[in-house]
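Only one structure is covered here, and it is reproduced in the block below.
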Amino acid sequence: MSKDTLIRTTPLHQMHLDAGAKMVPFAGYDMPVSYPLGIKKEHNHTREKAGLFDVSHMGQIRLGGANAKKALESIVPVDIIDLPLMKLRYALFTNKSGGVMDDLMVTNLGDEDLFLVVNAGCKNADFAHLQRTIGDDCKVEFLEDVALLALQGPLAHKVLSEIAPSISEMIFMSAKQVVINGMECLVTRSGYTGEDGFEISLAAKDSEELAKLLLSNIEVEWVGLGARDSLRLEAGLSLYGHELDIHHSPVESSLGWALSKVRRTGGEREGNYLGFETIMKHLNEGSESKVVGLQPQGRMPVRDGAMIEDELGNNVGKVTSGGFGPSINRPIAIARLKKSYIEKNSKLFALVRDKKIAVEIVSLPFVKQNYYRG
């Protein structure tokens, strides 16, 4: 077996085993899908208190040099040059046909210092893409021996401020470098659950100490991949490989809001990234498909990959993410549908085990997003 096919572990792997986690292969890592509490209780605990997630499998990359901001802006459809100091922005890597190669978070740590968090399954390809496209214009560094923890939920702020009081002044999509018990941490007020929360990047050697410190608070419980997915689904958040892929533009994935105005309204900073022509055509003329929320009738979940038909049996789209929403106690789904059927408000059905389940197009998110904006 080659090194590339070996299942990797995060620095917190033994903690998960000690906590009784059910482990599964995910993006090349042995990851906790759930703990003895169970997915539904982990989900609800995050909505009500504070859940701790090990997301150390994600890729962490630094870009350095005087041209770092301009260089990154040349390959993403968002405004990087004017990203304020210690602020985050959601960004996308696109390909020549306008499809999405990955989505990522970009933090401005200084005029010559950008911090990127990319998806685990794409991180090697993303690093190669950065080196190939802008490696001559800035330093591209893949960060090794680092960990990433996400503390999410309405009590996340209370929990973290007890050990790092200075985070109290932070708002959603801001960053701060803090020292917790002698451990240097980069904290961002961000996350992918729809709740207020924080992501904490730190040295791998310190991660177990920080995790134990957070878990010593009675309000905090470990949460695995299972609840992480149901939380982001309820919050209507796109997931790479589901709502986002190389075959569909950001507009076709209902992410037109993520395309910065300065990059699409003329002027010297318009365009120049891969797939610009296709993406602008979809913005200006509309796209054939769109990502929407679906509410299935009844109690049977409609899973990823289920085909969607109209009354006449015509295929009109496919479910990209589906499951059960514990917060609202009913099945929910996100699907990519042909726009004409959305506009006609057609009667639609999901095919589940040879049964037709009536589905209704609804607005996203399924639950209110509770980010702290000050």
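The values are calculated or read from the model by the stated rules, or taken from the named source; none is laboratory data. Keep in mind that this is a model prediction, so the values were computed, not measured. We place every Cβ from the backbone using ideal geometry, glycine too, and count neighbours over all the protein chains shown. Calculation scope for accessible area: heavy atoms of the full protein, side chains included, ligands and nucleic acids excluded. Shrake-Rupley method; radii C 1.70, N 1.55, O 1.52, S 1.80 Å.
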| Scanning for something in a strand (DSSP E or B), modelled with pLDDT of 95 or more, open to solvent by less than 40 Å² (accessible area, probe 1.4 Å) and closer than 19 Å to LEU92 by Cα, does the stretch 149-160 turn up at least one residue? | no
| Of these, SER260, SER253, SER249, SER287, which one is under 16 Å from the mean Cα position of the chain (by Cα) and polar (S, T, N, Q)? | SER253
| said: Tell me the residue from VAL251, VAL319, VAL292 that is over 27 Å from ALA125 (Cβ atoms) and of a type in the set (A, V, I, L, M, F, W, C), please. | reply: VAL292
| said: Can you find, within the stretch 23-64, the residue that is nearest to GLU195 (Cα to Cα) among those that are in contact with a strand residue (DSSP E or B) (Cβ under 7 Å, 6 or more places away or on another chain) and surrounded by fewer than 16 Cβ atoms within 10 Å (Cβ to Cβ)? | reply: VAL24
| Answer from HIS43, HIS57 - the residue that is assigned to a loop (DSSP other than H, G, I, E, B) and either at pLDDT below 95 or within 26 Å of LEU151 (Cβ to Cβ) (or both) | HIS57
| Any hit, the stretch 291-304, residues being touching a helix residue (DSSP H, G or I) at 6+ places or on another chain (Cβ under 7 Å) and either within 23 Å of GLY256 (Cα to Cα) or of a type in the set (Asp, Glu) (or both) | yes
| field | When residues of the stretch 303-350 are limited to those that are farther than 20 Å from VAL367 by Cα and acidic (Asp, Glu), the one farthest from the chain's Cα centre (by Cα) | value | GLU311
| said: Report every pair of residues separated by at least 6 positions or lying on different chains whose Cβ atoms are under 7 Å apart, first residue within the stretch 49-73 and on the phi > 0 side of the Ramachandran plot, second surrounded by fewer than 24 Cβ atoms within 10 Å (Cβ to Cβ) and of a type outside the set (D, E, K, R). | reply: GLY65/CYS138
| note | Note on the stretch 76-90: residues aliphatic (A, V, I, L, M), in contact with a Ser or Thr (Cβ under 9 Å, 6 or more places away or on another chain) and open to solvent by 10 Å² or more (accessible area, probe 1.4 Å) are MET86, LEU88
| said: Can you list the strands (runs of 3 or more DSSP E) lying wholly within the stretch 257-374 that have 1 or more residues being acidic (Asp, Glu)? | reply: 307-310, 355-362
| query | Would you say SER287 is open to solvent by 10 Å² or more (accessible area, probe 1.4 Å) and within 20 Å of GLY236 (Cβ to Cβ)? | reply | yes
| query | Are any residues in the stretch 204-252 in contact with a Cys (Cβ under 9 Å, 6 or more places away or on another chain) and either of a type in the set (Asp, Glu) or within 26 Å of CYS185 (Cα to Cα) (or both), and if so, which ones? | reply | ASP206, LEU210
| Selection from the stretch 95-108 of residues that are of a type in the set (A, V, I, L, M, F, W, C) and open to solvent by 30 Å² or more (accessible area, probe 1.4 Å) | MET101, MET105
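Residue-by-condition table, conditions (1) over 16 Å from the mean Cα position of the chain (by Cα); (2) aliphatic (A, V, I, L, M):
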{"site": "ALA27", "(1), (2)": "no, yes"}
{"site": "SER34", "(1), (2)": "yes, no"}
{"site": "GLU42", "(1), (2)": "yes, no"}
{"site": "VAL55", "(1), (2)": "no, yes"}
{"site": "LEU63", "(1), (2)": "yes, yes"}
{"site": "ALA71", "(1), (2)": "yes, yes"}
{"site": "VAL78", "(1), (2)": "yes, yes"}
{"site": "ASP82", "(1), (2)": "yes, no"}
{"site": "LEU85", "(1), (2)": "yes, yes"}
| message | With the structure loaded, tell me whether ALA164 is among the hydrophobic types (A, V, I, L, M, F, W, C), without any contact (Cβ under 8 Å) to a residue 24 or more places away in the chain and either touching an Asp or Glu at 6+ places or on another chain (Cβ under 8 Å) or surrounded by 16 or more Cβ atoms within 10 Å (Cβ to Cβ) (or both) or whether it fails that test. | response | yes
| query | For ASN108, all conditions in the list (1) in contact with a Leu (Cβ under 8 Å, 6 or more places away or on another chain); (2) part of a loop (DSSP other than H, G, I, E, B) hold save one; what is the number of the exception? | reply | (2)
| query | Here are ARG303, ARG353, ARG373: which of them is over 30 Å from HIS157 (Cβ atoms), at pLDDT 95 or above and of a type in the set (Lys, Arg)? | reply | ARG303
| task | Would you point out the residue of the stretch 167-210, among those that are in contact (Cβ under 8 Å) with a residue 40 or more places away in the chain and over 19 Å from HIS157 (Cβ atoms), that is surrounded by the fewest Cβ atoms within 10 Å (Cβ to Cβ)? | result | LYS205
| Given the structure, is LEU244 open to solvent by less than 20 Å² (accessible area, probe 1.4 Å) and either modelled with pLDDT under 95 or not hydroxyl-bearing (Ser, Thr, Tyr) (or both)? | yes
| message | Given the options LYS339, LYS318, LYS344, name the one that is within 19 Å of HIS248 (Cα to Cα), open to solvent by 50 Å² or more (accessible area, probe 1.4 Å) and modelled with pLDDT under 95. | response | LYS339
